[in-house]
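K.L.:
If you scroll down you'll find the structure; I have some questions about it.
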Amino acid sequence: MSKHVTHWIGGAAHEGPSQHRGDIYNPASGQVTGTVDLAGPKEVDAAVTAAREAFPGWRDTSLSKRVQVLFRFRELLNGNKERLAELISAEHGKVFSDALGEVSRGLDVVDFACGIPHLLKGGYSENVSTGVDSYSIMQPLGVVTGITPFNFPAMVPMWMFPVAVACGNAFVLKPSEKDPSAAVVMAELWAEAGLPDGVFNVVHGDRAAVDALLEHPDVAAVSFVGSTPIARHVYRTAAEHGKRVQALGGAKNHMVVLPDADLDLAADAAVSAGFGSAGERCMAISAVAVVDSVADELLERIRERVARLRVGPGDDDRSEMGPLVTREHRDKVASYLESGVREGATLAIDGRMHPVLGGDPDGFWLGPSLLDHVGPEMSCYRDEIFGPVLSMVRVGDYDEAVKLVNDSPYGNGTAVFTNDGGAARRFQHEIEVGMVGINVPIPVPMAYYSFGGWKQSLFGDSHAHGTEGVHFYTRTKAVTARWTDPSRRPEGGVDLGFPTNG
């Protein structure tokens, strides 16, 4: 039965006046399974208004009561993990186990946010001048918004809203319209947990909804995850409208393999990090920079593992990798196989020929693929493909590998595989990337650290979640106070001189 997904505004489903709708697909069959309402300026304004009206009451709610709501939300979310994973798998296409892992990683941020009383402690200095004390307090911003991509419809929003809400803000989420259902379920769970109406809202939409949020005068801050061109647009537009901005962009993540590396470990890592979630993740390994002396051996081990990978529908327990999210995206990703060969690469593994387990031929399928002998001038290397295509770049030595990574305009994540501790320590020091793995292919930090890259992978100064997330969603107020003791009232009078401490 076809489903209909609408907005969540002011604590309830909200259809609004816009008649614009989009289709929801099952990527494994290519069939339309539902529709989603797409917001115009009126729906966006309704959501922001609901958040603005709810903010004062939530800001003034005690930390103890806020945390009680967060703990209830955490338990409800944990109890609905499988329900959420099924929705994600059906709308995004990733296999169920991958979707379940996504929800679990999002829960880690909720766990972190439950400790907000400790994280919001300010500082206090007694007697900074005679009879004068100074202290700092952290206060919420007001209405904040999150604009999130299709590839992690639960986890990426949870990089944002648990911390924002815990800090006392009201939140408007604009998830991807390609897989919108998880966002609405999380809104329902917030309501069940006792979050006041209007503190958490969801509006679905395309660029019209995004721009309405970026330009809305009542939105104080914008957090975004997506491609670099859109991240740049979000950063510029929101900043021009006086907002605090955190815009995480694209990536071209490298995995450097040195000659002394455990090649079985490296091959396992390349396959799992390159083809997990069909390569549709910003932390996917898309370029393997391998020292030439071990390149042929590593390629053969990758080839053996890829041959055993089971591609199929997300709801089939046998499947290890699902389809891509849309037909258009599948076709774009597959086009890099042809352009790579035209530009001089070798198609070592052609995912178009990979068998599919009981899959509908109309599904958006592309199996794991590998282009060998890729050069940095090729489009398959320069572009963020965002699909199951690995590019193998053969380098002469460690220095050439580091130069390759550092010359990239992106600086999201990278990994080095080696058994030499000195080389690993040198790599983590010299590499110009925000997140580094040592014999770990996808170095996504835990929730109490912050997530984010360098260079064109981040526009703004603040990374997601962790302590940087807390600082992003709050502003600090410094207070200087004097309480005079009637028995020791200081001699005074008018003094027009510049104040000094004494």
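K.L.:
Residues ALA278, ALA270, ALA251: which one is small (Gly, Ala, Ser), touching a helix residue (DSSP H, G or I) at 6+ places or on another chain (Cβ under 6 Å) and open to solvent by less than 10 Å² (accessible area, probe 1.4 Å)?
P.N.:
It is ALA270.
Yes/no matrix, rows are residues, columns are (1) part of a helix (DSSP H, G or I); (2) small (Gly, Ala, Ser):
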| site | (1), (2) |
| --- | --- |
| PRO117 | yes, no |
| GLY122 | no, yes |
| SER125 | no, yes |
| SER134 | no, yes |
| ILE137 | no, no |
| VAL172 | no, no |
| LEU189 | yes, no |
| ASP197 | no, no |
| HIS204 | no, no |
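K.L.:
Look through region 15-32, keep the residues that are more than 26 Å from the chain's Cα centre (by Cα) and not in a loop (DSSP other than H, G, I, E, B), and return whichever of them is farthest from SER181 (Cα to Cα).
P.N.:
Selected residue: GLN31.
K.L.:
Here's something else I'd like to know. Filter region 201-235 for residues that are free of Cβ contacts under 8 Å to residues at least 40 places away in the same chain and not β-branched (Val, Ile, Thr); which is least open to solvent (accessible area, probe 1.4 Å)?
P.N.:
LEU214
K.L.:
Now a separate question. Report, by residue number, each residue of region 457-467 that is outside any strand (DSSP E or B) and open to solvent by less than 70 Å² (accessible area, probe 1.4 Å).
P.N.:
Passing the criteria: SER457, GLY460, SER462, HIS463, HIS465, GLY466.
K.L.:
Let me ask something additional. Take the conditions of a type outside the set (Phe, Trp, Tyr), assigned to a helix (DSSP H, G or I) and without any contact (Cβ under 8 Å) to a residue 12 or more places away in the chain and apply them to LYS42. Does it pass?
P.N.:
Judged against the criteria, LYS42 is not a match.
K.L.:
Could you tell me whether GLY22 is small (Gly, Ala, Ser), within 30 Å of ALA278 (Cα to Cα) and in contact with a strand residue (DSSP E or B) (Cβ under 6 Å, 6 or more places away or on another chain)?
P.N.:
Yes, satisfied.
K.L.:
Which of the residues belonging to region 467-486 are farther than 15 Å from VAL132 by Cα and of a type in the set (Asp, Glu)?
P.N.:
Matches in region 467-486: GLU468 only.
K.L.:
Looking at region 76-101, which of the residues that are in contact with a Lys or Arg (Cβ under 8 Å, 6 or more places away or on another chain) and open to solvent by less than 10 Å² (accessible area, probe 1.4 Å) is nearest to GLY367 (Cα to Cα)?
P.N.:
Result: HIS92.
K.L.:
Let me ask something else. Is it the case that PHE73 is farther than 24 Å from ARG330 by Cα and crowded, with 20+ Cβ neighbours inside 10 Å?
P.N.:
Yes, satisfied.
K.L.:
Moving on. All but one of (1) over 25 Å from ILE438 (Cβ atoms); (2) surrounded by fewer than 22 Cβ atoms within 10 Å (Cβ to Cβ); (3) not aliphatic (A, V, I, L, M) hold for GLY322, so report the exception by its number.
P.N.:
If we test GLY322 against (1) over 25 Å from ILE438 (Cβ atoms); (2) surrounded by fewer than 22 Cβ atoms within 10 Å (Cβ to Cβ); (3) not aliphatic (A, V, I, L, M), just (2) comes out false.
K.L.:
Can you spot a residue in region 48-61 that is buried (at least 18 other Cβ atoms within 10 Å of the Cβ) and within 30 Å of SER319 (Cβ to Cβ)?
P.N.:
So far as region 48-61 goes, no, none of its residues is buried (at least 18 other Cβ atoms within 10 Å of the Cβ) and within 30 Å of SER319 (Cβ to Cβ).
The values are calculated or read from the model by the stated rules, or taken from the named source; none is laboratory data. Quick caveat: nothing in here was measured; it's all calculated off a predicted structure. Heads up, the Cβs are rebuilt from the backbone with ideal geometry, glycines too, and the neighbour counts pull from every protein chain shown. Only protein heavy atoms, including side chains, enter the accessible area calculation; ligands, DNA and RNA are left aside. Shrake-Rupley method; radii C 1.70, N 1.55, O 1.52, S 1.80 Å.
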